[in-house]
Structure formats: C-alpha cells, structure tokens
Amino acid sequence: MTYNEIDTLVKGWIIDKAEGPVNARVQQVVVRLVGDLCKAIADLDIQPSEFWKGLEYMSEAGARNELGLLAPGLGLERFLDIRADEAEAKAGLTGGTPRTIEGPLYVAGAPESQGYARLDDGSESDQAEVLFMQGTVRGQDGQPLPGARVEVWHCNLLGNYSFFDKSQSHFNLRRTIIADGAGRYQLRSILPVGYACPPDGTTQRLLDQLGRHGHRPAHIHFFVSAAGQRKLTTQINIDGDEYLWDDFAFASREGLVPPVRHVTSPQQIAAKGLQSPYAEIDFDFQLHAETPVAPEAVVERVRAAA
C-alpha cells in the first residue's frame, strides 16, 4: 500500500466520518499520528501480535504511572525543549539560564518562605552532606528581580521524592522561596544523589530492550518565575556525578553544572552551626521578559498537588 493510499484511508476513517462539531486541532493531530503509525506498520511489517503487545505495554505503563518517565527516557521531553529554544531564538530571546526538562515528580503547594528555606526534615542528617545554595534571580537586563518565586525540589539519599514516597515527611525536600528585595534566594538542604528508573518498571524494561541504562545524575529541580517574566523550568546537575553527561533523560546541559565547593574550614563550619564539612553552590537564574512573539512558557499538564 502506498503512502497516498494510506492517507486516503485515514482521511476516510477520521475526517469523512465526522458528523458533529470538530475540534480542528485535535483532528489535525490525530490524522497525522494515525497516518504515520499506519505507515510505520507497513514499512516495518509490524505483525498483529507485535501491535497488541505494544498496546499492552502502553496500558501497563499508564497503569504504573510511568508514561511521564518514558517520555524523557525516549528523548521526547528533551525534543520539546529543543523546539522551545528554537522558538525563543527566533523571537530574539537569547542567553539567560538554559531550560531543561521538568520530569514527572513536581508537587504543587510546597510551603513558601521569604528569602531562605531549609528543605530537608533532618531525617538523613547523619548520612548526608549538608548543602547550602544561594544566588540571585535576574531579568534579561541583568537587574535583580525582587519577589521572584523559586520553587525547588529534589530526591533523598535513596533517590526517592516525597509525596510519591510515603515514608518521607510531607513536602520533604520541597519548598518555594520568595526572593528578597535584592532578588536573592538561599536554601539549606542535603546534597542529593543520582538514581535510576524502577528496575521492575515498564520504562526500564524498554530501555533494557534498547541496550540502555536508566540512570540520572544527581540534580535539583527548579521553577523560577517573576512578574513580567517568562517562567523558567530547569535543573542543576551536581558536578562530579558518574552520569553527569550520560543522563538517561537527556537533561544535562552546559550552563547547568555549577561548581560545588566542599568546605572543610573549621571556622566556616562553626559559622554555619555545623560539626562537619558541608557543600556550597552559588547559582544565579536569569529570566527572559515575557513577549507575545514567543510561545507560552507555562506548560499545562496534570501535576500532583498535596
């Protein structure tokens, strides 16, 4: 069957059969995707058993809530970022803090604090290296943005996130920090670790078939927003991680790997009220001003809320 014949078939199934009101955008996308799938079935000689096994896999991945993990693992979430970068460049927006993927583990409603927040609940203090991180949120002109919102979240030492991991306290390692009058934010937490896809999950099962690992480097997620500015979705990676430039989710980017200082000075340790060395990261965020000539920066998707 030729591509033209497939296009005619799909048009007959979806467009010609429409009898009521049509959402033109949905129809456009469905026609394209169904047509491309039919062409792939023909080109690859996909057999009925393979087709149904594929549907079964997607159903299982949905039931396990892993589609949000599969999308970055196959590069799709990174591809959306590439397109967003291209659209901003076309609109004349260059520089600024690079965006990177959100991932599936944000939870809305984290407690807010002014200027400074401690993220961890202390339950891993005897095992973790304390982290202090601070910086300034700036606009594209380099000027500070007082009152900017810095939403931050990361995993614990087992690679698990609160809310999804019911053994953790409410909003452990999650906070919203409102930048002070100088656009500054500060946080105390623990230095996170890298983690991997659930070894018994659907995402890792497919990655195994593709000969790929499912590891992520240690990282910290951020949403950064301010009045009149485009919302930034990004994350920093912890320098020195084994998988720093081999992230299964393709989220590592130049400009998002700040130096980590491991402070061992007894005087500095005492000044922080600690008994042992700690880590410190300085990182500024630079946002773009909102503009009607660039696509919307706020991504509408279902997110967890507590």
- When the range 37-67 is checked residue by residue, the ones that are part of a helix (DSSP H, G or I) and under 28 Å from the mean Cα position of the chain (by Cα) are LEU37, GLY54, LEU55, GLU56, TYR57, MET58, SER59, GLU60, ALA61, GLY62, ALA63, LEU67
- Candidate set from the range 237-281 (those that are surrounded by 12 or more Cβ atoms within 10 Å (Cβ to Cβ) and among the acidic types (Asp, Glu)); member that is farthest from LEU70 (Cα to Cα): GLU280
- Message: Which of the strands (runs of 3 or more DSSP E) found entirely inside the range 81-161 contain at least 3 residues meeting this: at pLDDT 95 or above, crowded, with 17+ Cβ neighbours inside 10 Å and more than 19 Å from the chain's Cα centre (by Cα)?
- Response: 130-138
- Only one of (1) farther than 21 Å from THR100 by Cα; (2) surrounded by 22 or more Cβ atoms within 10 Å (Cβ to Cβ); (3) of a type outside the set (S, T, N, Q) fails for PHE171. Which number is that? (2)
- Query: Is it true that CYS155 is out of contact with any strand residue (DSSP E or B) (no Cβ under 7 Å at 6 or more places or on another chain) and in contact (Cβ under 8 Å) with a residue 40 or more places away in the chain?
  - Reply: no
- Message: Just the residues that are over 20 Å from ILE41 (Cβ atoms) and not in a helix (DSSP H, G or I), please, taken from the range 1-26.
- Response: ASP16, LYS17, ALA18, GLU19, GLY20, PRO21, VAL22, ASN23
- Message: Restricting to the range 193-216, name every residue that is under 20 Å from SER162 (Cα atoms) and surrounded by 22 or more Cβ atoms within 10 Å (Cβ to Cβ).
- Response: CYS197, ARG216
- Is there any pair linking a residue in the range 90-110 that is free of Cβ contacts under 8 Å to residues at least 60 places away in the same chain to one that is surrounded by 13 or more Cβ atoms within 10 Å (Cβ to Cβ) and of a type outside the set (D, E, K, R), with Cβ under 7 Å and at least six apart or on different chains, and which? PRO104/GLY68; PRO104/LEU69
- Query: Taking the range 3-44, which residues are exposed (fewer than 13 other Cβ atoms within 10 Å of the Cβ) and among the basic types (Lys, Arg)?
  - Reply: LYS17, ARG25, ARG32
- Considering only strands (runs of 3 or more DSSP E) fully contained in the range 231-299, which possess at least 1 residues that are under 18 Å from the mean Cα position of the chain (by Cα) and hydrophobic (A, V, I, L, M, F, W, C)? 232-237
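The values are calculated or read from the model by the stated rules, or taken from the named source; none is laboratory data. Here the structure is a predicted model, which is why all the values come from computation and not from measurement. Glycine also receives a Cβ, built like all others from the backbone with ideal geometry; neighbour counts cover every protein chain displayed.
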